[in-house]
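The values are calculated or read from the model by the stated rules, or taken from the named source; none is laboratory data. Everything quoted here is computed from the prediction, not taken from an experiment. When we count neighbours, we look across all protein chains shown, and the Cβ atoms used for this are built from the backbone with ideal geometry, even at glycine. When the accessible area is computed, the model is the full protein with side chains, heavy atoms only, and any ligands, DNA or RNA have been set aside. Shrake-Rupley method; radii C 1.70, N 1.55, O 1.52, S 1.80 Å.
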Amino acid sequence: MAERVLAAVRTGPGVTELREFPMPEIPADGALMRVEVAGICGTDVKLYAHPPFADPVIMGHENIGVITKAGRDFVRRHGMQDGDRVFVEHYVPCYRCEWCHQGEYRHCEATDWRTNPDARRFGYTSAANEYHLWGGFAQYLYLPWNAVVHRVPASVSAELGGLVTPMSNGIEWALMDGGVGYDSTVLIQGPGQQGLSQVVACKQAGASLIIVTGTAKDAARLKLALTLGADHVIDVSVEDPLERIRMITGGTGVDVVLDCTAGAGVTPVLLGIQALKRRAGTLLIQGEMAAFPDFPVKQLTEKAITIKSARGHSYRACELALAQLASRRFPLDLLTTHRYGLADTDRAIRAVGGEGEADVIHVSLMPWLEDTVAVAGV
């Protein structure tokens with residue numbers, strides 16, 4: 001095994017450097033994973049442009065790889081050993097707090113970088129911390145005793161497994177938070193990797209009507225939405241989406257609205273409120289806006305709408321996502337559209353953000369895709 005590990009490090013807003021780190025000494029309760037695929041999502045785009053702190057960070061929180069060195073206690077705790085392909089959740093929980101005891105470790109303070117400056121979370125934690133390798137944009141990833149790992153079924157390739165995070169979010173938000181089930185009618189706003197994953201989750205759950213909205217630049221994605229099971233797609237740049245939704249539903253509206261848009265302001269939320277059925281619909285939002293002037297509270301309460309926030313995924317959602325990928329019921333490999341090596345990390349992140357590449361859905365950063373040369377060392 002090499003003595004040095006190559007990684008792409010965010011060193012400032014929109015700046016990446018290739019650096020070498022020492023291969024860490026793995027304790028008895030830790031492990032080392034050879035990274036095969038690190039997925040890139042919209043959150044990476046935002047944090048790359050506007051880092052929450054100045055420390056150098058190895059980004060990458062959607063990680064698939066093979067365990068190459070597992071300590072004795074790690075094997076006993078996790079049942080994973082050298083040679084196993086695993087999906088690693090980005091949460092690194094404490095397992096002591098109330099949330100962890102409830103199984104809701106995604107709310108644990110030990111992994112919440114927004115409220116805890118010393119939080120541990122893959123893709124978000126400073127590379128200056130012990131073991132350094134806290135992100136998937138590197139050849140290897142360090143796994144502490146409290147890493148949350150899932151065994152990847154043998155029939156799921158590393159690249160297909162790179163879809164576990166968006167797929168698990170789709171399952172969590174649509175089924176567990178939104179309550180989508182048999183005969184549900186659903187509006188999914190935004191046909192990116194999250195929206196398309198929710199199409200699959202809703203279809204699998206038995207939804208009788210799935211409508212997906214997008215814009216003119218989403219033409220290829222909207223076409224893929226139909227392939228994955230959507231019943232109708234709407235280009236909001238050329239059609240009145242509310243009028244079309246009312247026409248499709250016979251004026252009734254939908255049971256659930258899932259907002260997967262990015263940077264669209266208040267428009268998707270307002271459309272969601274209007275598109276929901278007359279009573280007791282559910283609206284799931286990501287809540288990226290700092291403020292919402294003139295929010296229509298009266299309309300919300302008169303229709304008895306429940307608003308829920310989209311926040312990560314649970315262990316169960318990840319297991320269901322892996323089972324979904326292994327089933328091969330849907331052509332989910334079509335979601336993976338672009339591949340990049342470590343040397344092209346900056347280009348890969350910008351591609352997800354809409355710069356330079358066309359028809360990007362899910363991007364796979366593959367640290368071993370090509371040989372690269374480090375330009376800095378630690």
Problem set entry | Unmet requirement for Val373, which otherwise passes all of (1) open to solvent by 60 Å² or more (accessible area, probe 1.4 Å); (2) at pLDDT 90 or above | (2)
Exercise. Checking Gly162 against (1) in contact with a Leu (Cβ under 8 Å, 6 or more places away or on another chain); (2) open to solvent by less than 10 Å² (accessible area, probe 1.4 Å), which single condition isn't satisfied?
Worked result: (1)
Exercise. Out of all the residues in the stretch 136-144, is one or more under 23 Å from Pro52 (Cβ atoms), within 18 Å of the chain's Cα centre (by Cα) and open to solvent by 10 Å² or more (accessible area, probe 1.4 Å)?
Worked result: no
Problem set entry | Selection from the stretch 102-118 of residues that are open to solvent by 10 Å² or more (accessible area, probe 1.4 Å) and either closer than 21 Å to Val9 by Cα or basic (Lys, Arg) (or both) | Arg106, Asp112, Trp113, Arg114, Pro117, Asp118
Exercise. Within the stretch 69-101, which residues are within 11 Å of Leu32 (Cα to Cα) and open to solvent by less than 40 Å² (accessible area, probe 1.4 Å)?
Worked result: Ala70, Gly71, Phe74
Problem set entry | Residue in the stretch 242-251 that is farthest from Pro331 (Cα to Cα), counting only those that are without any contact (Cβ under 8 Å) to a residue 12 or more places away in the chain and part of a loop (DSSP other than H, G, I, E, B) | Gly251
Exercise. Out of all the residues in the stretch 242-268, which are surrounded by fewer than 21 Cβ atoms within 10 Å (Cβ to Cβ) and closer than 18 Å to Pro191 by Cα?
Worked result: Leu242, Arg244, Ala262, Gly263, Ala264, Gly265, Val266, Thr267
Exercise. If you take just the helices (runs of 4 or more DSSP H) that sit entirely in the stretch 2-101, which of them hold at least 2 residues that are among the charged types (D, E, K, R) and under 18 Å from Arg347 (Cβ atoms)?
Worked result: 42-49
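Do we find that Asp55 is among the charged types (D, E, K, R), open to solvent by 60 Å² or more (accessible area, probe 1.4 Å) and free of Cβ contacts under 8 Å to residues at least 40 places away in the same chain in this structure? Even if it seems obvious, please write down each step before you answer.
Working: among the charged types (D, E, K, R): yes; open to solvent by 60 Å² or more (accessible area, probe 1.4 Å): yes; free of Cβ contacts under 8 Å to residues at least 40 places away in the same chain: no.
Criteria not met by Asp55.
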Problem set entry | Among the candidates Ala220, Ala201, Ala205, residue that is closer than 24 Å to Thr43 by Cα, touching a helix residue (DSSP H, G or I) at 6+ places or on another chain (Cβ under 8 Å) and of a type in the set (Gly, Ala, Ser) | Ala201
Problem set entry | Among the candidates Val37, Val9, Val45, residue that is open to solvent by 10 Å² or more (accessible area, probe 1.4 Å), of a type in the set (Val, Ile, Thr) and within 30 Å of Gly263 (Cα to Cα) | Val45
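Do we find that Glu239 is closer than 30 Å to Leu322 by Cα, out of contact with any Ser or Thr (no Cβ under 7 Å at 6 or more places or on another chain) and part of a loop (DSSP other than H, G, I, E, B) in this structure?
Considered against the rule, which asks whether it is closer than 30 Å to Leu322 by Cα, out of contact with any Ser or Thr (no Cβ under 7 Å at 6 or more places or on another chain) and part of a loop (DSSP other than H, G, I, E, B), Glu239 comes out as no.
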